[in-house]
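> Below is a structure I'd like to ask you about.
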Amino acid sequence: MHYVYLLESSAYPGQRYVGVTSDLRKRLAEHNAGKSPHTSKYAPWLLVTYIGFSDNQKAEAFERYLKSGSGHAFAKRRLR
């Protein structure tokens, strides 16, 4: 499975991050351990939601959508 996930910083409420991974628990631990330069300054992170895909290409396409302008608006309204 491939997961598109949405994180929110517990230290900076409102700061969110969208990513894709095949190992959700490991990836969340990496974000919280500061191993990602894009997210380390906003740690610790809480998992808001995730969606599983059997196809990696579909997961990556959905991640790109969530990172777009309309995807940000969708996530803000629908993914809490």
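> Among the residues of segment 14-23, write down those that are in contact (Cβ under 8 Å) with a residue 12 or more places away in the chain and of a type in the set (D, E, K, R).
Answer for segment 14-23, where residues must be in contact (Cβ under 8 Å) with a residue 12 or more places away in the chain and of a type in the set (D, E, K, R): just R16.
> Does A11 qualify as being touching a Gly at 6+ places or on another chain (Cβ under 7 Å) and free of Cβ contacts under 8 Å to residues at least 40 places away in the same chain?
no
> Within the set of pairs 6 or more residues apart or between chains, which connect a residue that is farther than 11 Å from A11 by Cα and free of Cβ contacts under 8 Å to residues at least 12 places away in the same chain inside segment 24-49 to a residue that is aromatic (F, W, Y) and surrounded by 14 or more Cβ atoms within 10 Å (Cβ to Cβ) with Cβ atoms less than 9 Å apart?
Close Cβ pairs satisfying both conditions: S36/Y17.
> Among the candidates L79, L6, single out the residue that is at pLDDT 95 or above, surrounded by 14 or more Cβ atoms within 10 Å (Cβ to Cβ) and among the aliphatic types (A, V, I, L, M).
After applying the criteria, what remains is L6.
> Can you find even one residue in segment 24-44 that is in contact with an Asp or Glu (Cβ under 8 Å, 6 or more places away or on another chain) and not in a strand (DSSP E or B)?
yes
> Now for a separate question. Only residues that are surrounded by fewer than 19 Cβ atoms within 10 Å (Cβ to Cβ) and touching a Ser or Thr at 6+ places or on another chain (Cβ under 6 Å): list them for segment 9-29, please.
Matches in segment 9-29: Q15, Y17.
The values are calculated or read from the model by the stated rules, or taken from the named source; none is laboratory data. Since the model is a prediction, treat every value here as computed from it, not as a measurement. Counting neighbours? That spans all protein chains shown, and the Cβs are built from the backbone with ideal geometry, glycine included.
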